[in-house]
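Visitor: The structure under discussion is supplied below as structure tokens; questions concerning it will follow.
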Amino acid sequence: MRIPIAGEGAPFIALPLLGALAAAFFSVWWAAALLALLTVFMIQFFRDPDRTGAAPAECVLSPADGTVLTVGDAPPGEAAAELSRKVVVFMSVFNCHVNRSPISGTISRYTYTPGKKLAAFSPKASLDNEQNMIDMAGDGRRVVFKQIAGALARRIVFRKKPGDHCARGERIGMIRFGSRVDVFVPAEAAVAVKPGDKVKAGLSVLARFPEGR
């Protein structure tokens with residue numbers, strides 16, 4: 001069975017795999033076993049399954065696999081004033097880390113901010129950690145989301161640029177090794193999840209705009 005893998009994962013999979021083969025060749029079995037387990041971990045981390053969401057167009061889909069950490073009002077200054085609701089999705093190292101567009105629309109702004117590497121579940125991570133902020137709109141709907149690096153994250157990957165149009169559920173990047181994504185929607189969008197819910201990128205509905213918006 002073929003396992004789809006994100007391109008960024010190739011070197012992280014190849015190195016422990018080659019090490020495991022070399023250790024086995026020289027009969028260093030403990031090292032071969034450890035490197036084989038590391039290879040399996042890397043394969044599951046960088047998996048990139050094909051997904052097609054069937055939710056109505058007014059639905060905002062999760063940009064990330066993981067667990068809903070918090071749902072509530074967005075603190076002043078984190079996003080545009082009209083985007084007053086915030087949903088935080090925490091990605092553990094066991095989640096698929098490929099990120100996807102939450103709505104169909106055009107990217108109007110993309111801002112990279114260097115920062116700390118606090119634990120991704122820390123409330124301060126949204127402001128203090130290394131992050132990308134993506135602002136996009138389409139069909140009268142606007143959403144802002146942040147790719148935020150966690151304590152183990154070593155690189156945020158974003159494959160798009162301002163002016164690019166993204167289909168809802170389209171792959172837009174990934175974060176390597178533990179992280180979170182914050183999603184900001186207006187008050188008129190009804191949040192459809194609660195803390196503790198498990199979500200999948202491109203499939204799970206985080207919020208719904210009123211029909212016709």
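Visitor: Just want the ordering: 94, 209, from fewest to most Cβ atoms lying within 10 Å of their own Cβ.
Guide: 94, 209
Visitor: Continuing with the same structure: Summing Lys, Arg as +1 and Asp, Glu as -1, what charge do residues with Cβ under 10 Å from the Cβ of residue 182 carry, residue 182 excluded?
Guide: +2
Visitor: Moving to a separate point now. Would you order 122, 62, 104 from fewest to most other beta-carbon atoms within 10 Å of each residue's own beta-carbon?
Guide: Neighbour counts put them in this order, fewest first: 122, 104, 62.
Visitor: Taking amide H positions as placed 1.01 Å from N in the peptide plane, with prolines and chain starts having none, which residues 5 or more places from residue 197, or on another chain, fall under 5 Å of its amide H?
Guide: 68
Visitor: If the convex hull of the alpha-carbon atoms of the range 1-98 is projected onto planes in all directions, what is the mean projected area in square nanometres?
Guide: Averaged projected hull area, Cα only: 9.5 nm².
Visitor: Any chance you could give the angle, 0 to 90 degrees and rounded to 10, that helix 29-45 forms with the longest Cα principal axis of the chain?
Guide: Roughly 20 degrees between the two axes.
Visitor: So how do 124, 116 line up by other beta-carbon neighbours within 10 Å, fewest first?
Guide: The order, fewest Cβ neighbours first, is 124, 116.
Visitor: Near residue 169, within a Cβ-to-Cβ distance under 11 Å, what is the net charge of the other residues, with Lys and Arg +1 and Asp and Glu -1?
Guide: Net of charged neighbours comes to +3.
Visitor: Taking the Cβ of residue 116 as the centre, find all other residues whose Cβ is under 12 Å away and add up their charges (Lys, Arg: +1; Asp, Glu: -1).
Guide: Counting the neighbours of residue 116, the net charge comes to 0.
Visitor: List, in order, the whole-Hz ³J(HN,Hα) value for each residue of the range 56-64 obtained from phi through the Karplus relation with A = 6.51, B = -1.76, C = 1.60 and θ = phi - 60°; use x for Gly and Pro.
Guide: Listing the rounded values in order: x, 4, 7, 8, 9, 8, 5, x, 8 Hz.
Visitor: Report the label-to-label distance for residue 37 and residue 94 in nanometres (one decimal), using points 7 Å from each Cα along the Cα→Cβ vector.
Guide: Using points 7 Å along Cα→Cβ, the separation is 1.4 nm.
Visitor: Now for a separate question. Given the DSSP H assignment, sum -39500 (n - 2.57) over each helix run of at least 4 residues in the chain and divide by its residue total; what's the result at 222 nm in deg cm²/dmol, nearest 500?
Guide: Dividing the helical sum by the residues of the chain leaves -5500 deg cm²/dmol.
Visitor: A further question follows. Amide H neighbours of residue 129 under 5 Å, counting only residues 5+ apart in sequence or on other chains, H built in-plane at 1.01 Å?
Guide: Distant-sequence amide H within range of residue 129: 116.
Visitor: List the residues whose amide H sits under 5 Å from the amide H of residue 60, counting only those 5 or more places along or on another chain, with H placed 1.01 Å from N in the peptide plane.
Guide: Close amide H contacts, sequence-distant or interchain: 206, 207, 208, 209.
Visitor: Hey, how many Å between the Cα centroid of the range 26-82 and the Cα centroid of the range 117-191?
Guide: Centre-to-centre distance over Cα atoms comes out at 12 Å.
FYI, it's all coordinate maths here, none of it is from the lab. None of these values were measured; they are calculated from a predicted model. Reconstructed Cβ throughout: ideal geometry from the backbone, glycine too, with neighbour counts over all protein chains shown.
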